[in-house]
Amino acid sequence: MPPDPDTAPKKEKRFLTDQMILNLARMFVEKGLARRDQIDELNTRRALTGESLDTLLVKEGVVSETDILEGMSELSRIPFRHIADMSISREAVARVSPRVALRYKVMPIALQGDKITLAASRVPTLGTVDGLRMALNAAIDWILCSDSDITRTIKHFYGLGAETIDHMVASSREPDIEIEGKDISVETADEGVVKFVNQLISEAIRMEATDIHVEPFENRLRLRYRIDGILQDIPVPKGVVQLRKAIASCIKIMAEMDIAERRKTHDGRIKVRSGKEEFDLRVSVLPTRYGETVNMRLLNRQTMFIDLENLGLNKEQMVPVQYLSSMPHGVILLTGPTGSGKTTTLYALLDKISSPETKIITVEDPIEYQMTGITQVQVHAQIGLTFAAILRSILRHDPDIILIGEIRDMETADIAVRSSLTGHLVFSTLHTNDAPSAVTRLVDMGVEPFLISSCLEGVIAQRLVRRVCPSCREPFAPTDVIHEEIAGAYPDRIQDAVFYRGRGCPDCNFSGYRSRLGLFEVMVMNDVLRGLVVHQRPSTEIKYKAIETGMITLRHDGWLKVLNGHTTIDEVVRVARKADFGVAPA
């Protein structure tokens, strides 16, 4: 572990020279990380290409970036740190202009009096040090960080595309001026705008966002990404507001829309490629008071599919889920609000039971993932191809398993129930708060309770919570009320429990969270529950009996994932109400 710059003995730092790089290569040979012939070969290439030896060592996979930074730290006496382990001072960021930070690729970390701490991905040369001292008029303390850490942190604090926007604003006085209805900003700054829009999309792909929102207001342009189900503000340079019309026009050109018409709504598609992956962007444009607001939905069909084992089901829940999916007939429902991952779970279940011996037909609106070996039908309500209409035809195709994207009305519910009674296994979704409420919802739709009792085999309710970032998670103490509730749920585990929260780092876009997992509530029907359904007992009573027979509630499952260090208390409280924990009726 490198010494902390504040506590380590002060030694004179050495700055980058050709000799230092040669010493670094010699160090790698002595440590057995590289061979002499590899170094000689790369030295020859360095003379031809002009690339530095340390860059070639990483590029060719001889050593890792961490090896380079640790070696440079040892030779230069500049400490190597991870940005996730440090708190970044806003005062330090304000002291360094975006142009200086981007030109020298440095990230300000701390400011103490007239001394500023800068992070860099390489040991600076003496010329760089002198240039920055003059530009900042301050003494500089240096630390080394990885290149990706520096890049992502600069984007977060200075704004996406800061260099591009800075150049465009400087070279164009009034890019928003219109003459006789013609937007000249498209012509004056088209190359820079295209570059910025490409950066906007590529950054969203890198951060695994599902939506991009570009929203104009009176004095600013707001950019937001929906990441792990939550909208996050993405910093952009202040000057970007001057280019808001050009940005909207550029996106409309890419989506093959009419850029001259700004008073109507527009819909279009953009296809982009990032590496070997292809993405579809569904673009929607709305006219607002301050310009056109744009939403882009990112779809990557290669990464949508998740195996059943990776959804977040614990061992106790996996057994009943596998039991339900192996039923020869009956109805299995998944419930939860929009965006809770119901469709992903259905795809994972179908993938498990799909085989050459079974015929599976799905009715979806829309088809979100192409599955090999499964017949998938798209709903087109405009031409009368509704869920109910398709289901009537599906039964003549001799399916073993039917997936209905959503039960929306009485007719669809009735066909689903009757299909299960004629020997089919039917999967579908409903919008209810928990598993027992699915019974009440079907009754409200007009399905007879005795039919529900005879055909419903199980209900899986689910929510999605964000995983705490493993790079920056830190222990913290919960409130007494929450601690008491978790102790009541898991008294045998509370003694040694460690609760985490995310501090925020470049890996998680300083949100404290990375990716998502599911909370599940699995209710398997039994004779007791079927009797309650027939007698039209309230959902609270059905829920209590289900808990008595082993059902783990959403909130209960959430606390288990908190105790396992997968998510945070705040996330469980956000998606699972306290009532979901289950209380015996009076």
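The values are calculated or read from the model by the stated rules, or taken from the named source; none is laboratory data. Quantities reported herein were computed from a predicted structural model and do not represent experimental measurements. Neighbour counts are summed over all protein chains in view; Cβ atoms, including those assigned to glycine, are modelled from backbone coordinates with ideal geometry. Note: accessible area is taken over every heavy atom of the protein model, side chains too, but ligands, DNA and RNA are not part of it. Shrake-Rupley method; radii C 1.70, N 1.55, O 1.52, S 1.80 Å.
Per-structure values
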item: Region 110-129, subset open to solvent by 10 Å² or more (accessible area, probe 1.4 Å) and β-branched (V, I, T), residue nearest to T153 (Cα to Cα); result: T117
item: Number of positions in region 130-139 that are within 16 Å of F15 (Cα to Cα) and surrounded by fewer than 18 Cβ atoms within 10 Å (Cβ to Cβ); result: 4
item: Residue under evaluation I251, criteria (1) at pLDDT 90 or above; (2) in a loop (DSSP other than H, G, I, E, B), criterion not met; result: (2)
item: Failed item in (1) more than 17 Å from V194 (Cβ to Cβ); (2) free of Cβ contacts under 8 Å to residues at least 12 places away in the same chain, with R273 passing the rest; result: (1)
item: Residue check for I332: modelled with pLDDT of 90 or more and within 23 Å of I415 (Cβ to Cβ); result: yes
item: Segments classed as helices (runs of 4 or more DSSP H), wholly inside region 90-155, with at least 1 members that are under 22 Å from L24 (Cβ atoms); result: 98-104, 126-136
item: Neighbours by Cβ (under 7 Å, 6+ apart or cross-chain): first from region 402-422, open to solvent by less than 40 Å² (accessible area, probe 1.4 Å); second part of a helix (DSSP H, G or I) and of a type in the set (V, I, T); result: I402/I394; I404/T412
item: Leading residue by the ranking (modelled with the lowest pLDDT) among those in region 419-437 that are more than 14 Å from I404 (Cβ to Cβ) and small (G, A, S); result: G423
item: Subset tally (residues that are in contact with a Leu (Cβ under 7 Å, 6 or more places away or on another chain) and part of a loop (DSSP other than H, G, I, E, B)) for region 205-234; result: 4
item: Checklist (1) surrounded by 20 or more Cβ atoms within 10 Å (Cβ to Cβ); (2) of a type in the set (A, V, I, L, M); (3) touching a strand residue (DSSP E or B) at 6+ places or on another chain (Cβ under 9 Å) applied to V447, failing item; result: (3)
item: Evaluation of I68 against (1) β-branched (V, I, T); (2) outside any loop (DSSP other than H, G, I, E, B); (3) at pLDDT below 90; (4) surrounded by 13 or more Cβ atoms within 10 Å (Cβ to Cβ) (one fails), failing number; result: (3)
item: Which numbered condition R555 fails, given (1) within 29 Å of T338 (Cα to Cα); (2) within 20 Å of the chain's Cα centre (by Cα); result: (2)
item: Residue in region 310-318 that is more than 25 Å from M525 (Cβ to Cβ), in a helix (DSSP H, G or I), open to solvent by 50 Å² or more (accessible area, probe 1.4 Å) and not small (G, A, S) present; result: yes
item: Residue selected from region 251-278 under the condition in contact with a Lys or Arg (Cβ under 7 Å, 6 or more places away or on another chain) and not acidic (D, E), by the criterion most open to solvent (accessible area, probe 1.4 Å); result: R269
item: Single residue of region 1-28 satisfying the filter (part of a loop (DSSP other than H, G, I, E, B) and β-branched (V, I, T)) that is modelled with the lowest pLDDT; result: T7
item: Filtered residues of region 29-58 (kept if part of a helix (DSSP H, G or I), exposed (fewer than 12 other Cβ atoms within 10 Å of the Cβ) and not hydroxyl-bearing (S, T, Y)); result: E30, K31, R36, D37, D40, A47, L48
item: Check on S471, surrounded by 16 or more Cβ atoms within 10 Å (Cβ to Cβ), in contact with a strand residue (DSSP E or B) (Cβ under 7 Å, 6 or more places away or on another chain), modelled with pLDDT under 95 and of a type in the set (S, T, Y); result: no
item: Yes/no for G239 being open to solvent by less than 40 Å² (accessible area, probe 1.4 Å), part of a strand (DSSP E or B) and over 26 Å from D570 (Cβ atoms); result: no
item: Meets criteria (outside any helix (DSSP H, G or I), loosely packed, with under 14 Cβ neighbours inside 10 Å and modelled with pLDDT under 90) for P366; result: yes
item: Number of positions in region 397-426 that are of a type in the set (S, T, N, Q) and closer than 13 Å to I332 by Cα; result: 2
item: Every residue from region 326-347 that is assigned to a helix (DSSP H, G or I) and under 16 Å from A461 (Cβ atoms); result: K342, T343, T344, T345, L346
item: Selection from region 319-343 of residues that are within 27 Å of the chain's Cα centre (by Cα) and surrounded by fewer than 21 Cβ atoms within 10 Å (Cβ to Cβ); result: P337, T338, G339, T343
item: Meets criteria (of a type outside the set (V, I, T), open to solvent by 60 Å² or more (accessible area, probe 1.4 Å), in contact with a Leu (Cβ under 8 Å, 6 or more places away or on another chain) and in contact (Cβ under 8 Å) with a residue 40 or more places away in the chain) for D434; result: no
item: Where a residue in region 526-540 is within 12 Å of I452 (Cα to Cα) and its partner, wherever it lies, is surrounded by 14 or more Cβ atoms within 10 Å (Cβ to Cβ) and among the charged types (D, E, K, R), with Cβ under 9 Å and at least six apart; result: L529/K545; G531/R537; L532/E541; L532/K545
item: All positions within region 509-534 that are among the polar types (S, T, N, Q), assigned to a loop (DSSP other than H, G, I, E, B) and on the phi > 0 side of the Ramachandran plot; result: N509
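To keep it simple, each residue is scored yes or no on (1) free of Cβ contacts under 8 Å to residues at least 40 places away in the same chain; (2) part of a loop (DSSP other than H, G, I, E, B); (3) open to solvent by less than 50 Å² (accessible area, probe 1.4 Å).
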residue: L442; (1), (2), (3): yes, no, yes
residue: L451; (1), (2), (3): yes, no, yes
residue: I482; (1), (2), (3): no, no, yes
residue: R493; (1), (2), (3): no, yes, no
residue: D507; (1), (2), (3): no, no, no
